[in-house]
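Some notes on the structure that comes next.
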């Protein structure tokens with residue numbers, strides 16, 4: 001009996017999933033080739049396209065989900081790099097500085113390293129549950145991003161009950177953590193999984209109750225509408241109408257993402273690595289990534305609900321209108337109407353700019369010689385033009401401005417999370433529970449009653 | 001007919017192990033309990049389970065293994081298992097001569113080895129009735145106090161790290177690094193200094209040591225205060241440590257504890273004052289005492305002691321006399337027969353040695369009293385009833401060093 005006699009038994013679980021998929025792909029290719037050879041290929045293709053057109057909603061959802069999934073990877077890389085570097089500055093260290101400029105690529109290399117490591121399944125684990133747990137955790141994190149508006153109209157999926165969907169899907173992550181803790185056949189994992197479950201369940205309540213004030217004010221669960229309600233200048237943000245809710249939400253979000261000071265689910269000095277103790281390779285990578293994606297998502301939700309979402313600090317549209325550059329898009333599209341002579345200006349801008357900058361550089365730094373100055377001048381001119389075009393694009397397209405504001409605010413909050421990690425020790429389990437039930441729950445309930453009362457009184461006075 | 005030889009599954013035969021399908025672990029046949037206490041501990045009650053903390057655990061400060069019996073997160077009972085770092089230092093000391101004992105005792109207290117290496121030195125000097133030069137005595141006190149600060153700075157970082165704080169350990173190491181660099185300039189070593197000698201010290205103060213020391217003394221107080229502000233007023237840190245692991249005065253004395261854990265329980269016992277040695281009686285310093293006896297008090301006491309050590313270093317530098325740093329001794333040192341007990345105040349408490357000499361150049365018996373061992377005993381009394389997270393805070397605040405505990 002050689003070990004090759006039964007290959008199916010010797011495949012890993014991922015192999016058992018991938019092999020049928022490859023077979024399916026091969027079959028599909030063969031079938032398409034046969035269709036084309038027979039001659040009914042175009043008709044079948046037309047039929048397929050019509051089917052796609054009829055089900056455009058599903059396709060849009062799949063495309064949005066893929067886009068969101070792809071977005072999480074660079075976002076996690078950026079957050080990991082921020083964490084490495086900011087904590088290093090707090091610790092009086094230099095931090096990563098080898099790979100890429102200022103070590104910016106080191107988190108990417110970390111990701112590749114995790115991919116290359118052995119994916120080990122210890123004996124004694126519950127294999128299907130053990131394998132599925134990281135996917136559940138990661139997907140629960142990623143799917144919540146679908147309803148977050150990145151810019152005006154830039155939602156993965158427009159949903160009237162967006163906030164409810166967010167909490168419902170986000171809550172699934174706990175199941176993944178418990179699966180990991182239970183199936184690992186390790187007592188540290190078990191403790192970590194149960195800690196995660198207990199903590200996250202007791203913090204879901206203040207998290208959701210804290211948001212209720214905002215929902216009462218906005219009158220909707222649609223996140224896009226909530227952001228639109230906060231447009232105008234920054235005093236319109238809900239943070240200034242619901243400061244207590246913001247504090248409750250932020251603390252609960254820290255616990256929800258199991259970040260320091262509430263990171264006892266994977267407390268390295270107590271239970272080694274919690275639910276992730278037995279994981280290695282990319283399965284561990286999924287837990288690792290999910291943690292950082294969660295940090296981004298909760299920052300993004302805080303920004304969406306309390307800090308104006310994609311709205312800027314000030315509404316500068318009236319100013320732009322007054323200056324007369326409110327519709328630069330039309331201007332740029334209408335360039336032919338300038339006439340042949342004026343059209344020469346954009347063509348001549350680059351050489352004139354290059355020569356002018358070269359002369360300037362040469363005067364400032366005559367030791368460089370003309371050729372070097374020319375190169376430097378060319379680079380500077382290009383940078384200037386690209387910069388100017390970027391600023392123009394930023395002010396011309398609302399979506400671009402919106403996503404810039406949104407990501408800027410989100411990553412500022414992420415930096416706050418990271419600073420907290422560098423500063424605080426860990427809270428004990430029972431202290432955290434006590435804080436959640438004795439202080440944050442009553443505060444959240446009080447916030448709801450006060451907000452509802454205030455809305456009633458304002459309505460009475462107005463109506 | 002050919003028959004396959006029957007094979008017995010064993011660890012020595014890798015082929016068998018590879019071909020045997022992986023199963024859930026075979027139950028290890030339980031050892032017969034040797035004592036009543038073992039029999040009681042290794043019987044699980046309803047809903048209880050064992051968790052093995054160590055010997056390779058991030059926060060047991062070395063290779064301590066603690067078997068925890070827990071009910072949920074609450075610790076019911078615990079069984080510390082020692083001996084993973086046992087080298088037989090006491091026996092090794094009997095086989096070398098008195099000078100070898102210095103470097104053999106070095107790694108006992110590896111965070112502050114200036115103290116443990118002084119044990120055979122002080123014992124031999126007491127047996128010889130030797131008068132150590134004044135300059136050598138002052139240099140000894142200087143390096144002792146520097147090493148005490150290095151050890152205490154590390155303690156603060158460790159305590160914070162075990163509570164989940166990432167930053168204080170780096171601040172502590174920054175402080176320790178500066179001291180260790182200057183001691184390396186003096187002794188040539190960064191961890192195990194091997195600097196004490198019977199009758200003095202190995203080498204006079206040099207320029208690099210003094211310039212580094214002067215440079216560091218200018219900002220040491222500020223650094224320590226800065227490190228303390230990160231934790232003293234930190235709500236989470238205070239909540240985690242205040243009222244945790246309270247040892248009262250009588251229990252502390254009954255357990256033969258010493259050092260900061262004893263003084264945090266309200267007993268003003270410091271060997272430097274109680275049984276003065278070296279030039280300590282001539283120096284001005286206070287013995288900080290606190291009455292609470294909890295982890296937070298122990299932490300605050302360490303910071304106070306760092307300040308007192310800075311005070312001592314200031315005085316020693318001002319009083320530093322001229323002269324030789326080694327007494328004149330024969331090359332082959334025969335210590336007269338007799339018994340000697342010496343004690344000194346290490347960062348962890350009373351470090352003591354009981355030496356018997358039979359008149360040869362080797363100690364006949366060299367018994368070492370390590371304070372970490374006695375302080376660590378309190379863990380068994382303090383942790384039952386607390387959560388798993390608390391055992392770290394309690395153990396870190398007692399500051400054990402496994403090198404000395406396992407000897």
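A few comments on the model shown:
- Subtracting the Cα-Cα distance of residue A:437 and residue A:400 from 0.36 nm times their residue separation leaves 9.1 nm of extension gain.
- Secondary-structure-derived ellipticity at 222 nm for chain B, considering helices only, amounts to -14000 deg cm²/dmol, per-run term -39500 (n - 2.57) for DSSP H runs with n ≥ 4.
- Rounded, prolate or oblate (a/c below 1.5 giving rounded, otherwise prolate when a/b exceeds b/c) for region A:1-138 by Cα gyration tensor: oblate
- Taking the average, over residues, of other Cβ atoms within 10 Å as the packing measure, peptides A:161-171, B:271-281, B:138-148, A:364-374 rank B:138-148, A:161-171, B:271-281, A:364-374 from highest down.
- With Cα atoms defining each centre, region A:248-306 and region B:372-407 are spaced 30 Å apart in the structure.
- Working from Cα pairs under 8 Å separated by at least six residues, relative contact order for region A:141-244 is 27 percent.
- Per residue of peptide B:157-165, the mean number of Cβ atoms on other chains within 10 Å of the residue Cβ is 5.
- Folded to 0 to 90 degrees: helix B:295-319 orientation relative to chain B principal axis, Cα: 30
- For region B:206-339, the square roots of the Cα gyration tensor eigenvalues, ordered a ≥ b ≥ c, give a/c of at least 1.5 with a/b no greater than b/c, which places it in the oblate category.
- Separation of alpha-carbon centers, region B:270-323 and region A:1-58, rounded to whole Å: 78
- Counting only the Cα atoms, chain A fills a convex hull of 270 Å³ per residue.
- Placing dummy labels 7 Å off each Cα toward the beta-carbon, the span from residue B:50 to residue A:175 is 3.6 nm.
- The smallest convex shape that holds all Cα atoms of region A:146-252, its convex hull, gives 106 Å³ per residue.
- Taking 0.36 nm per residue of separation and subtracting the current Cα-Cα distance, fully stretching the chain between residue B:235 and residue B:251 would add 2.9 nm.
- As a length-normalised measure over Cα pairs under 8 Å and 6 or more apart, the relative contact order of chain A settles at 20 percent.
- Tilt relative to chain B, helix B:134-162 - C-alpha long axis, 0 to 90 degrees, to 10: 30
- Shielding of B:390-397 by partner chains, average beta-carbon count, 10 Å: 2
- If R0 is 30 Å, the Cβ-Cβ spacing of residue A:461 and residue A:234 corresponds to a FRET efficiency of close to 0.70.
- Residues residue B:79 and residue A:24, FRET efficiency given R0 of 41 Å [Cβ-Cβ distance, rounded to 0.05]: 0.15
- Directionally averaged projected area (convex hull, Cα atoms, the protein assembly as shown), nm²: 60.7
- For region B:89-406, alpha-carbon Rg over 2.2 N^0.38 Å: 0.98
- Angle in degrees between helix B:207-232 and the longest Cα principal axis of chain B, rounded to the nearest 10: 50
- Summary of the geometry: region A:205-247 and region A:353-403, compared by the centres of their Cα atoms, lie 42 Å apart.
- Value of relative contact order over region A:343-463, rounded to a whole percent, pairs C-alpha under 8 Å and six or more apart: 15
- On full extension, the segment bounded by residue A:12 and residue A:126 gains 39.7 nm, given 0.36 nm per residue less the C-alpha separation.
- Packing, as the average of other Cβ atoms within 10 Å across residues, places the peptides A:209-218, A:262-271 in the order A:262-271, A:209-218, highest first.
- In region B:202-264, the ratio of gyration radius to Kirkwood radius, Rg to Rh, stands at 1.20 when only Cα atoms are counted.
None of the figures in this text is laboratory data; all of them are computed from the coordinates on show. Fair warning: this is a prediction, and the values are worked out from it, not measured in the lab. Cβ atoms come from the backbone with ideal geometry, glycine included; neighbour counts cover every protein chain shown.
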